[in-house]
1. Give the separation of the Cα centroids, the range 238-253 to the range 260-303, in Å.
2. Below 8 Å, C-alpha to C-alpha, sequence gap of six or more: please give me the relative contact order for the range 1-145 in percent.
3. What's the center-to-center distance, using Cα atoms, between the range 411-426 and the range 177-220 in Å?
4. May I ask you to derive the relative contact order of the range 342-471, considering only C-alpha pairs under 8 Å and at least 6 residues apart, and to give it as an integer percent?
5. For Leu474 and Val85, calculate 0.36 nm times their separation in residues minus their Cα-Cα distance, and state this gained length in nm to one decimal.
6. Using a Förster distance of 25 Å, how high is the FRET efficiency between Glu234 and Gln191, based on the Cβ-Cβ distance and rounded to 0.05?
7. Fewest to most neighbouring Cβ within 10 Å: what's the order for Met79, Met147, Met339, Met38?
8. Could you list Asp402, Asp166 so that the one with the fewest beta carbons within 10 Å of its beta carbon is first and the one with the most is last?
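Just so it is clear, none of the values below were taken in a lab; they were calculated from the coordinates. Only a predicted model underlies this, so the values are computations on that prediction, with no experimental measurement involved. We place every Cβ from the backbone using ideal geometry, glycine too, and count neighbours over all the protein chains shown.
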Amino acid sequence: MKPEKSLFELSCPGRRAWSLPELDVPAVDPAAVFGSNMVRADNRLPELSEIDIIRHFTRLSTLNHHVDKGFYPLGSCTMKYNPKVNELTCRLPGFTSLHPYGPETLIQGALQLMFELGEFLKEITGFDAVTLQPAAGAHGELTGIMMVRRYFEKKGENRNLVLVPDSAHGTNPASVVLSGFQAVQIKSTDQGLIDPQELMRTCNNSVACLMVTNPNTLGLFESEIKRICEIMHEQGALVYLDGANLNAYLGIHRPADAGFDLMHINLHKTFSTPHGGGGPGAGPVAVKKHLEPFLPRPVIVKGENGYRLEYDRPDSIGRVLGSLGQFLVLVRAYTYIRMLGADGLKRVAECAVLNANYIRRELEGIYELPYARRSLHEVVFSGNNLKQHGVRTLDVAKRLLDFGLHAPTVYFPLIVPEALMIEPTETESKESLDEFVQAMKQIAEEARTQPEILHNAPHSTPVRRLDEARASRLLDVNYQE
Ligand SMILES: *Cc1c(COP(=O)(O)O)cnc(C)c1O
């Protein structure tokens, strides 16, 4: 495959993508009208026909691997398949042409959608109240921990520590520190879980909260979660759930029942919004009754005469977003939930877990499995056993590209050396899982017999192995050492 030239390189003087009638009014000099300082000195622009432009962008769109093109084992965390019906509804002019500060009377439909979405999220998670304002999971964490802070201030308790397990996503300790707390790391057991004994030793009346990801980033369900919540509550502390992995138990388990006090939900992950490249997202926070007064304001309430925004909330932490939420992400989540219904959502979780465990069983013994328990929606292997052949996990990831497959998450979670975190998600068929398994088996075989193939992979992509540190700063992707 040859590298794609830029529009400037493709430019051919005099070529046009438009045809306009002859000018029938006197031509004016832009400098005379707007002033010469308003006219670009260098006004060279690419000159191309319409078909040149369309072909250029179509070729570019196929160079990168993406979930609409093939298997993408980065899972719901990065991008699960986003049903196209979501895109239909969020493009309805009634939604796209709304003004974010429109008066309540003119945005009743939008308020109703947000209110009902909040009700769905409460039912799915079991919590009592919800805010849709946060614009991402990390933003939800920050919002949640700020509410925890306000809760203890209101009680007149001075607690400055938040416990975070070593398997947590990096955003957890970051949110803790940004909210003015100090993060204390909790070591996982050999089983990859939180150790209740360790918690009992660590938790005291300086601890405000424990942040748990469940199932954790190893794809393992914290089987002692009820006990863990009890231990924290006995010390007067709260328990926060990082809900990024909600895809694993939609409709099967309600976190509020396990004892959590609050959680965030990554709508763009579990409830499907395309969000590659950093946006857009939505990270609603759901809370139990005792945290409701601290929710960001305004809160959407349903009254006799329709929906309204309630600002009079004296204990609120205030606004966390300029608007009421990332509205079109909320529309997509609402559509996804309404399309699937309760049974459909449950099936999402069942199939996501089934698919991950299928891959676990198929690749067990071929790649190292440091935590050999039944996993939930994702499974974490280690490429440690390939090291003897001089092959690293990075080589496996690069070689997968030659099979037309995307690489899984690598080198995370940090507690697994040479980690390969595979999350196939619910939408993949047995055929596509088998294709992935077959490629992974062949790669393990190549590691043993022809490791040099792996060291030089990928072989079939438009650009080969890039200097990663440099490629992230150098815009010319055709650059080669
Ligand atoms: C994705 C993720 C986050 C952060 O969420 P963003 O929406 O990307 O800000 C936090 N924790 C876990 C476990 C995640 O997977």
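1. Centre-to-centre distance over Cα atoms comes out at 13 Å.
2. 17 percent.
3. The distance from the Cα centre of the range 411-426 to that of the range 177-220 comes to 20 Å.
4. With pairs under 8 Å counted, the relative contact order is 28 percent.
5. Result: 136.4 nm gained on full extension.
6. Between Glu234 and Gln191 the formula returns 0.60.
7. Ranked by crowding around the Cβ, least crowded first: Met38, Met339, Met79, Met147.
8. Asp166, Asp402
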